[in-house]
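Trainee: Structure below; questions to follow.
The values are calculated or read from the model by the stated rules, or taken from the named source; none is laboratory data. Keep in mind that this is a model prediction, so the values were computed, not measured. Neighbour counts run over all protein chains shown; Cβ positions are idealised from the backbone, glycine included. Surface accessibility is based on the protein's heavy atoms, side chains included, excluding ligands, DNA and RNA. Shrake-Rupley method; radii C 1.70, N 1.55, O 1.52, S 1.80 Å.
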There are 2 protein chains.
Amino acid sequence: MNTHIKSVELAKAYRLLNHGPTVLVSAQYEHEENVMTAAWACALELVPAKVSVVLDKSTKTRKLVEKSGYFILQVPTLKQLKLVQQLGSISQFNDPEKLTHCHTSLFQFEGFDLPAVEGCAAWLICELIPEPHNQQAHDLFIAKVVAAYADDRVFRDGHWYYHEAPAEWKSLHHVAGGHYYTIGDAVDANILE
Amino acid sequence: MNTHIKSVELAKAYRLLNHGPTVLVSAQYEHEENVMTAAWACALELVPAKVSVVLDKSTKTRKLVEKSGYFILQVPTLKQLKLVQQLGSISQFNDPEKLTHCHTSLFQFEGFDLPAVEGCAAWLICELIPEPHNQQAHDLFIAKVVAAYADDRVFRDGHWYYHEAPAEWKSLHHVAGGHYYTIGDAVDANILE
């Protein structure tokens, strides 16, 4: 595993999502694995760390999450723009070789039988809290974060360093139809007093 | 009302939140009104447009939402950084004059008895879908968007123009402790083919 990947304290895992990046959701069940793009992921609780993510009924990844009870939310970077767009446009139901065709490089974190996407800035390993009503009525999946990791070239000591890292590390924020914004400049409200 | 404020088609209301900005949540019940900052707001459905937002049990705004069944999610701008930070730091339970002390300028959209914050880039008028379990167990409030508006200097024809508007219009993305990032550059995945 990339030696830059470091564990993130669970009490600070929310900071990996707090700025609202578009994420990649990955899941595995037995020999099937998939990755999809999602803009509707959000922190839900600080301690214990929880998250929510919307997974449409048409997606293969949702089926894998329903069967396995686990998924990873990962924060991709500007360098991965094409991958992010393709993983959000192609369904594995239509293209069983989706991951290969998108040139998706996967690895595993020790102790978790889950596909993690190489090159991301952060990863949240999530254990589903089954909520049939939310899943059926709202496509909303709630999960407990059981482990979190980040690449120390862009997140370390509980803080993002987007403003110091090369631009290729910036998070992506999808608006619609393949149009994204990257994260921008750091601003500090504490200096305004 | 500011003549730059234009109605946004409900089917495109999700685009106002899709890039994950930190928002202001405002609510009113009888003669009480309040505004708070929230980083955990997210689109939930395209049509009918729905959103989710986490409102902690300690907040006054939550009480007003529970009583009235309505709230506004609004997208503030870099120019409002100090306001955003203060509205997220001070509770009306501790300072009944919070809105005055924060210099909060409010207005109303015709037909809605709700306090809207002047100077924001976009506003989503939300009608609560009561979900006692989500509200109690997760502090999660789900709502239907009944009207949406944006300032045409930064959002028009269904698209954000952060990349063309002056920097003071940029959205804010809170990480923690008063540290924010603004939204950055536009990137288009469609030109990568």
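Trainee: Looking at A:Ala27, A:Ala41 in this structure, which one is open to solvent by less than 20 Å² (accessible area, probe 1.4 Å) and more than 10 Å from chain B (Cβ to nearest Cβ)?
Mentor: Being open to solvent by less than 20 Å² (accessible area, probe 1.4 Å) and more than 10 Å from chain B (Cβ to nearest Cβ) holds for just one of A:Ala27, A:Ala41, which is A:Ala27.
Trainee: Continuing with this model, one more query. Just need a number here: residues in region B:6-27 that are within 15 Å of the chain's Cα centre (by Cα) and either at pLDDT below 95 or in a strand (DSSP E or B) (or both).
Mentor: Number satisfying all stated conditions: 5.
Trainee: Pairs only if they're at least six apart or on different chains, beta carbon under 7 angstrom, first in region A:137-148 and in contact (Cβ under 8 Å) with a residue 60 or more places away in the chain and farther than 20 Å from A:Ala11 by Cα, second among the basic types (Lys, Arg) and surrounded by fewer than 19 Cβ atoms within 10 Å (Cβ to Cβ); list them, first residue then second.
Mentor: Qualifying pairs under 7 Å: A:Asp139/A:Lys57.
Trainee: Another question, if that's okay. Is at least one residue of region A:176-184 more than 8 Å from chain B (Cβ to nearest Cβ), within 28 Å of A:Pro48 (Cβ to Cβ) and in a strand (DSSP E or B)? Full working, then the answer.
Mentor: Step one: list which residues in region A:176-184 are more than 8 Å from chain B (Cβ to nearest Cβ), which gives none.
No, there is no match, as no residue in region A:176-184 is more than 8 Å from chain B (Cβ to nearest Cβ), within 28 Å of A:Pro48 (Cβ to Cβ) and in a strand (DSSP E or B).
Trainee: Further question: Would you be able to tell me the number of residues in region A:162-171 that are over 14 Å from B:His174 (Cβ atoms), open to solvent by less than 80 Å² (accessible area, probe 1.4 Å), within 11 Å of another protein chain (Cβ to nearest Cβ) and not in a helix (DSSP H, G or I)?
Mentor: 1
Trainee: Output the residues belonging to region B:65-85 that are in a helix (DSSP H, G or I) and over 17 Å from B:Ala27 (Cα atoms).
Mentor: B:Leu78, B:Lys79, B:Gln80, B:Leu81, B:Lys82, B:Gln85, listed by residue number.
Trainee: May I pose another question? Could you tell me which of the residues A:Leu64, A:Leu73 is touching a residue at least 24 places away in the same chain (Cβ under 8 Å), crowded, with 24+ Cβ neighbours inside 10 Å and more than 27 Å from A:Pro166 (Cβ to Cβ)?
Mentor: Step by step, each of A:Leu64, A:Leu73 is checked, and only A:Leu64 is touching a residue at least 24 places away in the same chain (Cβ under 8 Å), crowded, with 24+ Cβ neighbours inside 10 Å and more than 27 Å from A:Pro166 (Cβ to Cβ).
Trainee: If you don't mind, another one. Run down A:Lys79, A:Lys50, A:Lys57 and say which single residue is over 25 Å from B:Val187 (Cβ atoms), within 14 Å of chain B (Cβ to nearest Cβ) and in contact with an Asp or Glu (Cβ under 7 Å, 6 or more places away or on another chain).
Mentor: Exactly one residue qualifies, and that residue is A:Lys57.
Trainee: Regarding region A:148-156, can at least one residue be identified that is more than 14 Å from the chain's Cα centre (by Cα), closer than 18 Å to A:Met1 by Cβ, of a type in the set (A, V, I, L, M, F, W, C) and open to solvent by less than 50 Å² (accessible area, probe 1.4 Å)? Steps first, answer last, please.
Mentor: Pass one, region A:148-156, residues more than 14 Å from the chain's Cα centre (by Cα): A:152-156.
Checking which are closer than 18 Å to A:Met1 by Cβ leaves us with A:152-156.
Those left that are additionally of a type in the set (A, V, I, L, M, F, W, C): A:154-155.
Checking the rest, the ones that are also open to solvent by less than 50 Å² (accessible area, probe 1.4 Å) come to A:154-155.
Yes, some residue in region A:148-156 is more than 14 Å from the chain's Cα centre (by Cα), closer than 18 Å to A:Met1 by Cβ, of a type in the set (A, V, I, L, M, F, W, C) and open to solvent by less than 50 Å² (accessible area, probe 1.4 Å).
Trainee: Considering only region A:119-129, state which residues are more than 13 Å from chain B (Cβ to nearest Cβ) and outside any loop (DSSP other than H, G, I, E, B).
Mentor: A:Trp123, A:Leu124, A:Ile125, A:Cys126, A:Glu127, A:Leu128
Trainee: Out of all the residues in region A:89-97, is one or more modelled with pLDDT of 95 or more and open to solvent by less than 10 Å² (accessible area, probe 1.4 Å)?
Mentor: Checked against the condition, which is being modelled with pLDDT of 95 or more and open to solvent by less than 10 Å² (accessible area, probe 1.4 Å), region A:89-97 yields no hits at all.
Trainee: Can you pull out the residues in region A:44-61 that are assigned to a strand (DSSP E or B) and either open to solvent by 30 Å² or more (accessible area, probe 1.4 Å) or on the phi > 0 side of the Ramachandran plot (or both)? Let's see the steps before the verdict.
Mentor: We begin by selecting, within region A:44-61, every residue assigned to a strand (DSSP E or B); these are A:44-45, A:50-54.
Selection gives A:Glu45, A:Lys50.
Trainee: Would you be able to say whether some residue in region A:130-152 is farther than 30 Å from B:Gln136 by Cα, modelled with pLDDT of 95 or more and not in a strand (DSSP E or B)?
Mentor: Keep residues of region A:130-152 that are farther than 30 Å from B:Gln136 by Cα, which gives A:150-152.
Going one step further and asking which of them are modelled with pLDDT of 95 or more, we end up with A:150-152.
Of the ones still in play, those that are also not in a strand (DSSP E or B) are A:152.
Within region A:130-152 (the criterion being farther than 30 Å from B:Gln136 by Cα, modelled with pLDDT of 95 or more and not in a strand (DSSP E or B)), the answer is yes, since at least one residue qualifies.
Trainee: Among the candidates A:Ile142, A:Ile191, which residue alone is within 12 Å of another protein chain (Cβ to nearest Cβ) and loosely packed, with under 15 Cβ neighbours inside 10 Å?
Mentor: From the options A:Ile142, A:Ile191, the qualifying one is A:Ile191.
Trainee: Please go through region B:28-43 and give me each residue that is outside any strand (DSSP E or B) and in contact with a Leu (Cβ under 6 Å, 6 or more places away or on another chain), ordered by number.
Mentor: Of everything in region B:28-43, nothing turns out to be outside any strand (DSSP E or B) and in contact with a Leu (Cβ under 6 Å, 6 or more places away or on another chain).
Trainee: Still on this model: Which residues, counting only those in region A:145-161, are of a type in the set (A, V, I, L, M, F, W, C) and within 9 Å of chain B (Cβ to nearest Cβ)?
Mentor: A:Trp160
Trainee: Filter region B:111-137 for residues that are over 14 Å from the mean Cα position of the chain (by Cα) and open to solvent by 10 Å² or more (accessible area, probe 1.4 Å) and give the result.
Mentor: Within region B:111-137, B:Gly111, B:Phe112, B:Asp113, B:Leu128, B:Ile129, B:Pro130, B:Glu131, B:Pro132, B:His133, B:Gln135, B:Gln136, B:Ala137 qualify.
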